[in-house]
1. Among the residues of segment 26-63, count how many are in a loop (DSSP other than H, G, I, E, B) and either free of Cβ contacts under 8 Å to residues at least 40 places away in the same chain or under 19 Å from VAL104 (Cβ atoms) (or both).
2. Give the residues of segment 67-94 that are in contact (Cβ under 8 Å) with a residue 60 or more places away in the chain, of a type in the set (A, V, I, L, M, F, W, C) and in a helix (DSSP H, G or I), sorted by residue number.
3. Taking only segment 51-78 into account, find how many residues are more than 17 Å from VAL39 (Cα to Cα) and of a type in the set (Lys, Arg).
4. Based on this model, can you work out whether TRP91 counts as over 24 Å from PRO12 (Cβ atoms) and either at pLDDT 95 or above or among the charged types (D, E, K, R) (or both)?
5. Residue check, ILE92 against (1) hydrophobic (A, V, I, L, M, F, W, C); (2) in contact with a Phe, Trp or Tyr (Cβ under 8 Å, 6 or more places away or on another chain); (3) surrounded by 14 or more Cβ atoms within 10 Å (Cβ to Cβ), all met but one. Which one?
6. Which residue out of ARG52, ARG61, ARG71 is modelled with pLDDT under 95, surrounded by 13 or more Cβ atoms within 10 Å (Cβ to Cβ) and among the basic types (Lys, Arg)?
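The values are calculated or read from the model by the stated rules, or taken from the named source; none is laboratory data. A quick note: this is a predicted structure, and the numbers were derived from the prediction, not measured. Here Cβ is always computed from backbone atoms with ideal geometry, including for glycine, and neighbour counts include all displayed protein chains.
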Amino acid sequence: MPTPTHSQIGDPLESTIAFMEPFVFDIVERIDIDEFTTVDFVEALQLDELSRQAYQDAVERWSEGDEAAARMVIHGQVIPTLLRRSGKVDWIGYAHGVADDFAVPAWWRKRPDESPANQPGSSPND
């Protein structure tokens with residue numbers, strides 16, 4: 001018999017993470033600033049139509065049916081988990097003084113581009 005905290009459809013957190021992954025990874029790839037907060041990232045998600053719709057779908061699909069709780073999970077667990085899994089950014093600390101009604105926001109730093117064009121010795125001038 002499943003415990004009351006488990007959904008019969010599986011882990012709702014992991015399901016939401018899997019659903020949001022392509023949208024979060026796409027935005028991470030396109031970010032052109034060195035540092036940003038979780039709040040900045042959520043705002044960036046809202047600027048892209050497909051990502052905005054995915055965010056809204058994730059809120060609506062949250063198994064507990066509570067919009068505020070869904071946003072708390074997305075801001076506080078889903079997005080930070082996916083930012084870490086992307087391998088493209090690092091957590092650099094809490095964003096003290098940055099308002100987020102749904103989670104404790106954090107600062108993130110984009111890792112340097114590791115494409116061959118940006119490696120030492122890849123330029124004729126190196």
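1. So the first thing to find is which residues in segment 26-63 are in a loop (DSSP other than H, G, I, E, B), and the list is 31-34, 48, 62-63.
With either free of Cβ contacts under 8 Å to residues at least 40 places away in the same chain or under 19 Å from VAL104 (Cβ atoms) (or both) added as a condition, the list becomes 32, 48.
So the answer is 2.
2. Residues of segment 67-94 in contact (Cβ under 8 Å) with a residue 60 or more places away in the chain: 73, 77-78, 81-82, 85-86, 88-89.
Filter once more, so that each one left must be of a type in the set (A, V, I, L, M, F, W, C): 73, 78, 82, 89.
Once the filter is applied, which keeps residues that are in contact (Cβ under 8 Å) with a residue 60 or more places away in the chain, of a type in the set (A, V, I, L, M, F, W, C) and in a helix (DSSP H, G or I), segment 67-94 yields VAL73, VAL78, LEU82.
3. Adding up the residues that qualify gives 1.
4. Working: over 24 Å from PRO12 (Cβ atoms): no; either at pLDDT 95 or above or among the charged types (D, E, K, R) (or both): yes.
No; evaluated as a whole, the condition is false for this residue.
5. (3)
6. Numbers: ARG52 fails: modelled with pLDDT under 95; ARG71 fails: modelled with pLDDT under 95.
After applying the criteria, what remains is ARG61.
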